Amino acid sequence: MSHKDYGSVKTNNKTFQESIVKNSSNGSLNSQDSAHDLEASHNDIKNNKVLQSDDLELGLRKKILLMGLDRSGKSSISKVLFNNEHQSKNKVINLGNYVNIIENLKGKLLDLKVYEVENFDMNEILQLQQLYYNNNMVSKNINSGTEDINNMDIEDAFYKDSGFSKFFDDVGTIIYVVDSTSEYLASLANLSMLIELAYKFHKASNYTSDDFNINFEVLIHKVDSLNEDFKLDTQRDIMQRIQDELLDLGIENVAINFYLTSIFDYTIYEAFSRITQKLILELPFIENLLDNFIMNCHNSIEKIFLFDINSKIYISTDSSPVNILSYEVCSEFIDVTLDLRDLYEDENPRKYKNKPLKAYSRLNNDFSIYMNEVFKNLCVVILVNNNNSNEYANNELSNTTNSNVSNKMLMTLIDYNFNVLKGTLKKILK
Amino acid sequence: MEQTKAKLLLMGRSGSGKSSMRSIIFSNYSAFDTRRLGATIDIEHSHLKFLGNMTLNLWDCGGQDIFMDSYLQDNNETNSKNHIFQMVQVLIHVFDVESDEVLKDIEIFSMVLQKLRNSSPNCKIFVLIHKMDLVQINKRDNLFNIMMSKLKETCSMYGFDDVKGFPTSIWDESLYKAWSSIVGSMIPTIDVYRKKVKKITELMNLKEFILFEKTTFLVVCSSAEKNNDNEYVTVDNMDPKRFEKISNVLKTYKQSIYKLKANNFQELQIPEHGIYIINLNDNLMGFININKPEWMNNNLIEKNLQKVKLMFSNIEQDNTD
């Protein structure tokens, strides 16, 4: 290896660093964030100005990286989840020749910083490391002439100095997508290398703490084409392999979660909801609030969700277990409401934008669905079970008025409690 | 209560999509589910209750050549098959736009028409040019017009001058539009509904009032409709496809709430935008869009909606009296 070679690597590193810095400044503060948006596109200027005043954001400080081999389904996932975004533009940032990061859109409220990483090839990074290593050997040999070069030092120096350490800065979660329908061994090998790399970078940047706090979330993707038994087998196989690998590498304390997902049903939403919730610091408070909400509504509430309207990710729910069916119904109810509203929207777009989105539907059985917007893009969806009020409403005409009245009372109660909840949420998030 | 029975023949070549559209409109299938359907063997009868006192007798005729031949044979001895073409009120003939043998399609169509001329000359003819989604968007209109002029020619040869055609696809709203106007043309009491809709729209100063049939979410009539005609008044700035879109959305919603074991919904309201969808009676859903909802008192709206419900719960009793 010659010095020239090293030089070229260095310049690459420089561009890498620059773009990374751009990236992180873009996401670190809300005000900067919107400023960035402002310059990004003229169309959004008005929107942003309007929104800024009452726009609150949950405190997500951390980035989410969406990674995986080519054709594992990363782009389709982000398309499915974030395509409703009006300012949808994929910004390609070239990180040297090694990593292309497609900056994905953040959900406005959630400020989800999801970055889709393309062409992430561990071998290239290893090569880079090797190069760095060799060069340092050479230069140290030339400069000092000493014999005793500690390999570990150089390795640490690499992790510390190279631009890649910035890559893992601020990263809260790495979502790794494994295509379950193809041969996934290569993908798993890549993943364990990635974990090792992240781990070493972390260790190199702060020697003392061993609290390795990046969550690894493995999406075992495209499971819609596997049958039920095979799904579980695949999951078990993948989990086993990764655990073995990590054991071999001597890496401990890494939190890895596995999800079986498919973009054709709600599993991908469910997985993303869980992943996001881990990053929300205020989650316990919010959950408590929702529990209180239920308690104060005469036990007539079956389930309550806090939704991000754009991505249909639920940010929080009450502490009772989540039934995927009720999640689906609630999320579809949002869609129905939006669709109906949009039908007449183009007549007077500005006026509609400012109106809160509120909808209510009573079903033929005891259930009702109630939805109300807390603030821009965040809404509450409640499944109401009118069982209590329904004893005398057995579809007889004389009694329908009665059930109507009790139903109305319940709605008023929920409306009132909703306003209390809204006020409190605003306080928490400010 | 007097029962009106109407016989519909659903015909077309094999694989043209007859059973698919029947399942979507009447059996709550989603477009995706229709993949499961196999070929129809012989004839599948379905009796569909529509608007309470009306029964649609839908004959879904298998389209494979062997069945087609048997329907069209002149077998006077057995007479078993000949009853197919008797007492038919409506013929719905489905054409596959991607078909390789257009001439054969038309030939069969004309044979069916010939049979109908003998057995039920008063029958209404609808042709659906189906699977339009497979054609490029800019070529659709042209293709449809060519097909229609050809088919109209064929029809008039057999004395059927009043033919209506629709371009359809199960993947968008066009299917609802076609079936709405087919079924709308068969409702005997449609004028009563029209009058009521007009009156309510004026009284409540509504932007829009649409009546939907409850199980199929086909449009029965709407305030934007001209009298005795299926042409719609184009109200400024409103989406011309909105009826079909509403049908589609509500049907999706209905499917969605099956998960909560509810077979239908009583009401759905988006008050800030003045949208109210209410259950009017056993057969009808009303879609109401109010002008200037922010000027209206909520209680007033509720009261009005109850009045509207009362009006429609009486409507069927009025008819039977």
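The values are calculated or read from the model by the stated rules, or taken from the named source; none is laboratory data. All of these numbers come straight from a predicted model, not from anything done at the bench. Cβ atoms come from the backbone with ideal geometry, glycine included; neighbour counts cover every protein chain shown. Side chains included, ligands, DNA and RNA excluded: accessible areas come from the protein's heavy atoms. Shrake-Rupley method; radii C 1.70, N 1.55, O 1.52, S 1.80 Å.
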Residue pairs within 8 Å by beta carbon, gap of at least six or interchain, first lying in region B:14-39 and over 14 Å from B:K131 (Cβ atoms), second among the basic types (K, R), listed first then second, are B:N28/B:K251; B:N28/B:K254
Only one of these is open to solvent by 10 Å² or more (accessible area, probe 1.4 Å) and at pLDDT 85 or above: B:F166, B:F209. Name it. B:F166
Where residues in region A:289-345 are acidic (D, E) and under 25 Å from A:K355 (Cα atoms), which of them is least open to solvent (accessible area, probe 1.4 Å)? A:D308
Among strands (runs of 3 or more DSSP E) lying entirely in region B:245-318, which contain 1 or more residues that are more than 11 Å from chain A (Cβ to nearest Cβ) and of a type outside the set (F, W, Y)? B:284-290
In region B:162-192, which residues are outside any strand (DSSP E or B) and among the basic types (K, R)? B:K177
I need the full set of residues from region B:122-149 which are out of contact with any strand residue (DSSP E or B) (no Cβ under 9 Å at 6 or more places or on another chain) and either open to solvent by 100 Å² or more (accessible area, probe 1.4 Å) or free of Cβ contacts under 8 Å to residues at least 12 places away in the same chain (or both), in order please. B:N122, B:Q136, B:I137, B:N138, B:K139, B:N142, B:N145, B:I146, B:S149
Please find, among A:I275, A:I242, A:I268, the residue that is open to solvent by less than 80 Å² (accessible area, probe 1.4 Å), touching a strand residue (DSSP E or B) at 6+ places or on another chain (Cβ under 6 Å) and in a helix (DSSP H, G or I). A:I275
Among residues of region B:284-319, those that are open to solvent by less than 20 Å² (accessible area, probe 1.4 Å) and touching a residue at least 60 places away in the same chain (Cβ under 8 Å), counted: 10
Using the structure shown, decide if B:S180 is at pLDDT 80 or above and under 12 Å from the mean Cα position of the chain (by Cα). yes
Which condition breaks for B:G159 when tested against (1) in a strand (DSSP E or B); (2) over 20 Å from the mean Cα position of the chain (by Cα); (3) not assigned by the TED database to the domain that holds B:S247? (1)
Checked pairs for region A:239-265, first at pLDDT 90 or above, second of a type in the set (F, W, Y), C-beta under 7 Å and 6 or more apart or across chains, list as A:M239/A:F258
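Working carefully through the options B:E107, B:E98, find the one that is within 17 Å of B:G63 (Cβ to Cβ), in contact with a helix residue (DSSP H, G or I) (Cβ under 9 Å, 6 or more places away or on another chain) and of a type in the set (D, E, K, R).
B:E98
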Consider A:K358 carefully, then state whether it is within 19 Å of A:F293 (Cβ to Cβ), modelled with pLDDT of 75 or more, touching a helix residue (DSSP H, G or I) at 6+ places or on another chain (Cβ under 7 Å) and among the basic types (K, R). yes
